[in-house]
């Protein structure tokens, strides 16, 4: 599992690739939270899921946790380019109502 981040203007982009499951989430959670804290006050955060090959319920928990952390900074969260499997999980779970898909 890898996580990369970049800032473009007032937007924070976080790119996830690999498998987001119970084995990888602890390290990724800490890195994502640090990046969010360092970029507090930007207009929005966009999580790019194009490279995510697998996501289970742990991944849903990860996304909800980052959503809550961003909410403390009044930064909306968006999801972009989920692959078909992740898109299905995100649709069924109702997460797009909290974090819209771009």
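The values are calculated or read from the model by the stated rules, or taken from the named source; none is laboratory data. On a predicted model such as this, the values are computed, not experimentally measured, just so you know. Cβ coordinates were reconstructed from backbone atoms using ideal geometry, including for glycine residues, and neighbour counts include every protein chain displayed.
Here are the numbers for the structure shown:
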quantity: Residue tally, condition over 14 Å from the mean Cα position of the chain (by Cα) and within 15 Å of residue 90 (Cβ to Cβ), over the range 1-52; calculated: 0
quantity: Members of the range 72-90 found to be farther than 16 Å from residue 15 by Cα and either within 13 Å of the chain's Cα centre (by Cα) or at pLDDT below 95 (or both), listed by number; calculated: 75, 76, 84, 85, 88, 89, 90
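For (1) in contact with a strand residue (DSSP E or B) (Cβ under 8 Å, 6 or more places away or on another chain); (2) under 21 Å from residue 96 (Cβ atoms), each residue gets a yes or a no:
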{"site": "31", "(1), (2)": "yes, no"}
{"site": "40", "(1), (2)": "no, no"}
{"site": "43", "(1), (2)": "yes, yes"}
{"site": "48", "(1), (2)": "yes, yes"}
{"site": "54", "(1), (2)": "yes, yes"}
{"site": "57", "(1), (2)": "no, yes"}
{"site": "64", "(1), (2)": "no, yes"}
